[in-house]
1. Which residues, taken from the range 5-23, are within 18 Å of the chain's Cα centre (by Cα) and assigned to a strand (DSSP E or B)?
2. Please work out if Ala40 is in the same structural domain as Lys4 (by TED's automatic domain parsing), modelled with pLDDT under 85 and farther than 13 Å from Leu5 by Cβ.
Amino acid sequence: MQKKLKGFFFYQSRQKNIVIDSNVNKILERILVAHELGHAILHTRIAMMRGFQEMEVFDDRSIEENEANFFAAELLLKDDEVLECLSEHAFFETAKMLYVPAALLDYKFRLLQEKGQLLNQMNIRKSDFLKEDLHAYEDIHYGDA
């Protein structure tokens, strides 16, 4: 089954553009915008050279996708909020409480480790986790949180 494109960044006529599927809910939209904003800030030159093509196609290690995921994790997840949740809850429960996929929380774990926090990394990060079926986020409404 082909993975559905939920959002993308492209550069055209000296304009940075982010497009998000209008059918995603507010929680998933927030995550996608943060990820694509990472591409817009970090990868404009690549987008200028490549045009509209998925970045991971050009690098099996998905360096650009990983960088955009780290950017999104840092933008959306406050250090103190994550650490407070983790002090009282397990990893997957923390991800659920913070309304993010576990893979994005794992990116934040790596950043917290680099800042000196002693955390056991889950190693579930995948550069293309946003392409997966995130149906659990389709049923959640941001205001219901």
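The values are calculated or read from the model by the stated rules, or taken from the named source; none is laboratory data. All figures in this text were calculated on a predicted structure; none of them were measured in a lab. Neighbour counts are summed over all protein chains in view; Cβ atoms, including those assigned to glycine, are modelled from backbone coordinates with ideal geometry.
1. Result: Gly7, Phe8, Phe9, Phe10, Asn17, Ile18, Val19, Ile20.
2. Considered against the rule, which asks whether it is in the same structural domain as Lys4 (by TED's automatic domain parsing), modelled with pLDDT under 85 and farther than 13 Å from Leu5 by Cβ, Ala40 comes out as no.
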